[in-house]
1. Quick check: anything in the range 57-79 open to solvent by 20 Å² or more (accessible area, probe 1.4 Å), polar (S, T, N, Q) and closer than 30 Å to PRO141 by Cα?
2. Kindly list the number of the only condition in (1) more than 28 Å from ARG58 (Cβ to Cβ); (2) buried (at least 20 other Cβ atoms within 10 Å of the Cβ) that fails for ALA123.
3. Give, as residue ranges, the strands (runs of 3 or more DSSP E) completely inside the range 1-57 that count at least 3 residues that are more than 25 Å from TRP187 (Cβ to Cβ).
4. Which one of these does PHE86 not meet: (1) part of a loop (DSSP other than H, G, I, E, B); (2) surrounded by fewer than 18 Cβ atoms within 10 Å (Cβ to Cβ)?
5. Is it the case that the range 75-86 has a residue that's among the polar types (S, T, N, Q) and under 29 Å from ALA179 (Cα atoms)?
6. Filtering the range 90-104 down to residues that are closer than 21 Å to SER176 by Cα and either of a type in the set (A, V, I, L, M, F, W, C) or free of Cβ contacts under 8 Å to residues at least 24 places away in the same chain (or both), which residue is most open to solvent (accessible area, probe 1.4 Å)?
7. Looking only at residues that are of a type in the set (Ser, Thr, Tyr) and in contact with a Phe, Trp or Tyr (Cβ under 9 Å, 6 or more places away or on another chain) in the range 1-21, which one is most open to solvent (accessible area, probe 1.4 Å)?
8. List every residue pair whose Cβ atoms sit under 8 Å apart, with the two residues 6 or more apart in sequence or on different chains, where the first one lies in the range 68-79 and is on the phi > 0 side of the Ramachandran plot and the second, anywhere, is in a helix (DSSP H, G or I).
Amino acid sequence: MSILFRITEPADDALSPSAIITARKLAALRRFLRSEGDRIGVALLEPDEYLGDSFEARVCPLALAAITSIFDHDAAVIAVIEEAQFRGRRIAIHHCPASAEITLCVALTSDQGLELDLAYGNAYALLEALAIEVESVGDIPVDLLRARLSDPATPSRAALRGVDHYLPRLERLIASAPAHDDARFAWA
């Protein structure tokens, strides 16, 4: 079991656009993402042996029109890709075996995948190092986390607990947070 640390914003709670796609269009999307990833030198899609019924893909480095042309510029697909790119998120693809539908939607994961997914022991140690109450689910304002990271005692507390190597990743995650006041650092 693990705890995922990520940035949340009010838009995460709003109803995101989604689109139903066909298996052929999904195969074309996979081919496109692999070839574009090779061309620009960035992994846009996990290798096929890791893909299951649910996976995520990066779309922010690509042109909206290039991606949606695969889907004949379907309005629902355009809405999903545009929202993902606007919010700097990945897209999530889910195949439901019961209904055989393949759904495309905006993922909660950032495009660059900056989230930290830590085992319970490391997650609790990191929360303790940040002087945050140790709970398996919670959130705090991003500004409060920035203050905790700038506290000179934080690195020593993190080193004492053996989680100091996570602090640079946490700083990159916080740097990716939107500038508005309602962004939160959350874990679950």
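1. Scanning the range 57-79 turns up no residue that is open to solvent by 20 Å² or more (accessible area, probe 1.4 Å), polar (S, T, N, Q) and closer than 30 Å to PRO141 by Cα.
2. Against the list (1) more than 28 Å from ARG58 (Cβ to Cβ); (2) buried (at least 20 other Cβ atoms within 10 Å of the Cβ), ALA123 comes up short only on (1).
3. 18-21
4. The number of the failed condition is (1).
5. Scanning the range 75-86, I find at least one residue that is among the polar types (S, T, N, Q) and under 29 Å from ALA179 (Cα atoms), so the answer is yes.
6. ALA92
7. SER2
8. Listed pairs, sorted by first residue: HIS73/ALA65.
The values are calculated or read from the model by the stated rules, or taken from the named source; none is laboratory data. Predicted model, so just to flag it, every value in this text is computed and none were measured. Note that we place each Cβ from the backbone using ideal geometry, even for glycine, and neighbour counts take in every protein chain shown. Side chains are part of the model used for accessible areas, which takes the heavy atoms of the whole protein and leaves out ligands, DNA and RNA. Shrake-Rupley method; radii C 1.70, N 1.55, O 1.52, S 1.80 Å.
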